[in-house]
Amino acid sequence: MSRRAVVLVRILALALAAVMPLVSGGMDTQQVKLLAAKFNVTCVLVFGDSSVDPGNNNNIATPMKGNFLPYGKDFFRGRPTGRFTNGRLATDFIAEGLGYTKAIRPFLHKRLRPVDILHGVSFASAASGYDELTANLSNVLPVSKQLEYFREYKMRLRQLVGAGKAENIIRNAVAVLSMGTNDFLQNYFLEPIRPKQYTLEEYQNYLASCMSDDVKTMHSLGITRLVVVGVPALGCMPLVKTLMNQETCVEKYNNFSSAFNSKLNVKLDIARKTLGMKIGYVDAYGIFQDAVNNPKKHGLIETAKGCCGTGTVEYGDTCKGMSTCADASKYVFWDAVHPTERMYEIIAGRAIDSLRKQLMA
């Protein structure tokens, strides 16, 4: 090969290296930082369940913890933090993209620093849900308690920078709300209380109304920019497939996931119009479907099972001390329920895209 051809190949390789993160769902961090500066994004505030809990549950009396190996195996220095994955969460990638921190801290962290208060924290609690009963079943933080901690956060922020600047920081913050899975998998389909009170569709309507009330409360507390993450394709979770004795995604579970997301979107559209909030939506359902159906597009190989243990039933305590796959970045799922860091990176890329199109247009 001629020297000129070699140079051209190298240039092409560099060009591909630059665009591949965008094609595979990653983020152009420089573009994100410019976007954040242009629209004065001050910090990231996170509410939700294990999809966005960086370790709040470590500090409450609940068995729903992920502060042991192999969780955190690929996190900085290979340490478990309480995140239910092998590394970082989507909200960590979003915060890094905005230029604030590589890992969002839990609000209940015992050594929360002033810089954490300024750049944003997570109030999320693994095993929580839109339904307060869902959180109570596992003794974790319901949304009402997460919002109570948010009020405490606002007081600490005022002490740090003064009332006027604190309100400005909250007004220009980006809040993330991600939950709903536990309402179905750990509540409605396991516990007898809600099925006696609601049909499945009625329960979906109830959850959507709970979410709507939460959004109204966030607005009353000063939040003006919000990203809501829909529920993923529950029927593609390894645990669900194992319990239903199916090798492929369980269509019935995917159908009600999709139906619930539609109800969420109706409520969000109403909130946009009545509250004047800028609200983005992340289609987690579509992202997971795309990853499962087109894994090579995202550099993935294994879509059917998780990386921990057998990958078919283990999550939480049953994943503790288990052996793992050699390369989690090739897997959609870390355990039988939760995504890998690679999937969270893909979700973060879509969330940033939602920020750009729906919140900062």
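The values are calculated or read from the model by the stated rules, or taken from the named source; none is laboratory data. Note that the structure is predicted; figures quoted are calculated from it, not measured. Cβ sites come from the backbone with ideal geometry, for glycine too, and all protein chains shown count toward neighbours. Side chains are part of the model used for accessible areas, which takes the heavy atoms of the whole protein and leaves out ligands, DNA and RNA. Shrake-Rupley method; radii C 1.70, N 1.55, O 1.52, S 1.80 Å.
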Exercise for the section: Exactly one condition in (1) in a helix (DSSP H, G or I); (2) in contact with a Ser or Thr (Cβ under 7 Å, 6 or more places away or on another chain); (3) within 22 Å of residue 228 (Cβ to Cβ) is not met by residue 342; state its number. Expected result: (3)
Fill in the blank from the handout: Only unsatisfied item for residue 180, checking (1) in contact (Cβ under 8 Å) with a residue 12 or more places away in the chain; (2) on the phi < 0 side of the Ramachandran plot; (3) open to solvent by less than 60 Å² (accessible area, probe 1.4 Å), is (2)
Problem - Candidates 103, 126, 163 - the one that is open to solvent by 10 Å² or more (accessible area, probe 1.4 Å) and farther than 16 Å from residue 45 by Cβ - result: 163
Exercise for the section: Could you pull out the residue among 174, 143 that is β-branched (Val, Ile, Thr), under 27 Å from residue 274 (Cβ atoms) and modelled with pLDDT under 95? Expected result: 174
Problem - Verdict on residue 269 being part of a helix (DSSP H, G or I), among the acidic types (Asp, Glu) and open to solvent by less than 50 Å² (accessible area, probe 1.4 Å) - result: no
Practice task
State the number of residues belonging to region 322-356 that are acidic (Asp, Glu), at pLDDT below 95 and open to solvent by less than 40 Å² (accessible area, probe 1.4 Å).
Solution key: 0
Practice task
May I ask you to verify whether residue 262 is free of Cβ contacts under 8 Å to residues at least 24 places away in the same chain, closer than 25 Å to residue 345 by Cα and either touching a Pro at 6+ places or on another chain (Cβ under 6 Å) or open to solvent by 40 Å² or more (accessible area, probe 1.4 Å) (or both)?
Solution key: yes
Practice task
Return the residue satisfying two criteria in turn: it lies in region 233-252 and is over 20 Å from the mean Cα position of the chain (by Cα) and assigned to a helix (DSSP H, G or I), and of such residues it is surrounded by the fewest Cβ atoms within 10 Å (Cβ to Cβ).
Solution key: 251
Practice task
Go through region 295-321 and count every residue that is closer than 26 Å to residue 351 by Cα, open to solvent by 70 Å² or more (accessible area, probe 1.4 Å) and assigned to a loop (DSSP other than H, G, I, E, B).
Solution key: 2
Handout entry: All positions within region 183-221 that are surrounded by 15 or more Cβ atoms within 10 Å (Cβ to Cβ) and farther than 30 Å from residue 277 by Cα
Key = 185, 186, 187, 188, 189, 194, 198
Practice task
Among the candidates 201, 191, single out the residue that is in a loop (DSSP other than H, G, I, E, B), without any contact (Cβ under 8 Å) to a residue 60 or more places away in the chain and of a type in the set (D, E, K, R).
Solution key: 191
Handout entry: Counted residues, region 39-66 - those being part of a loop (DSSP other than H, G, I, E, B), more than 28 Å from residue 233 (Cβ to Cβ) and either of a type outside the set (Phe, Trp, Tyr) or in contact with a strand residue (DSSP E or B) (Cβ under 7 Å, 6 or more places away or on another chain) (or both)
Key = 6
Exercise for the section: Answer yes or no as to whether residue 61 is surrounded by fewer than 24 Cβ atoms within 10 Å (Cβ to Cβ), modelled with pLDDT under 95 and farther than 24 Å from residue 307 by Cα. Expected result: no
Practice task
For residue 133, indicate whether it is within 24 Å of residue 317 (Cα to Cα), surrounded by fewer than 20 Cβ atoms within 10 Å (Cβ to Cβ) and touching a residue at least 60 places away in the same chain (Cβ under 8 Å).
Solution key: yes
